[in-house]
1. Just the residues that are loosely packed, with under 12 Cβ neighbours inside 10 Å and either assigned to a strand (DSSP E or B) or touching a strand residue (DSSP E or B) at 6+ places or on another chain (Cβ under 7 Å) (or both), please, taken from region 98-111.
2. Could you look through region 131-148, keep only residues that are in a loop (DSSP other than H, G, I, E, B) and touching a strand residue (DSSP E or B) at 6+ places or on another chain (Cβ under 7 Å), and pick out the one that is nearest to residue 58 (Cα to Cα)?
3. Which one of these does residue 57 not meet: (1) modelled with pLDDT of 85 or more; (2) closer than 27 Å to residue 99 by Cβ?
4. From (1) farther than 30 Å from residue 132 by Cβ; (2) modelled with pLDDT under 60, pick out the condition that doesn't hold for residue 36.
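The values are calculated or read from the model by the stated rules, or taken from the named source; none is laboratory data. Keep in mind it's a predicted model, so treat the numbers as computed, not measured. Cβ sites come from the backbone with ideal geometry, for glycine too, and all protein chains shown count toward neighbours.
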């Protein structure tokens with residue numbers, strides 16, 4: 001496959017030899033628009049990941065989603081948590097880590113439970129991410145269906 005710089009060079013030399021090119025035409029190679037478009041394309045090809053958690057949580061029980069590994073902790077990641085529950089008596093915490101050993105609650109990532117719907121989103125800058133749900137209802141088990149979606153910005 002021909003590299004982008006080689007393609008630019010070929011196009012530039014072809015434009016010099018072309019007798020039909022008018023002075024008012026935009027030349028993508030000399031105006032450096034092509035390199036700017038390459039930058040835009042590379043920034044829009046985000047790495048995305050998602051986890052799906054379906055569980056019944058007994059009274060006082062806790063369930064944790066799968067761990068999302070972003071591979072690098074230097075990027076900012078946009079994360080969303082959406083789902084449904086049979087009862088709003090739950091405590092949902094977003095946990096983050098840099099080493100996949102010690103996890104900390106992320107206080108600025110608020111997850112709202114409105115009736116049976118669950119929603120929350122935030123930017124994070126950690127390598128590992130997971131969600132922990134605790135049933136705080138005094139007498140009933142709770143069914144939960146939760147999806148976590150994340151992508152680097």
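1. In the first step, residues of region 98-111 are kept if they are loosely packed, with under 12 Cβ neighbours inside 10 Å; the result is 99-102, 105, 107-108.
Scanning region 98-111 gives 100, 105, 108.
2. Here is the first cut: in region 131-148, the residues in a loop (DSSP other than H, G, I, E, B) are 136-141.
Pick out the ones that are also touching a strand residue (DSSP E or B) at 6+ places or on another chain (Cβ under 7 Å) and you get 136, 141.
Details: 136: 9, 141: 4 Å.
It comes out as 141.
3. So the condition that residue 57 fails would be (2).
4. It fails just one condition, (2).
Here's the yes/no breakdown for (1) surrounded by fewer than 18 Cβ atoms within 10 Å (Cβ to Cβ); (2) touching a residue at least 40 places away in the same chain (Cβ under 8 Å):
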site	(1), (2)
54	yes, yes
68	no, yes
82	yes, yes
85	no, yes
91	yes, yes
95	no, no
133	no, yes
150	no, yes
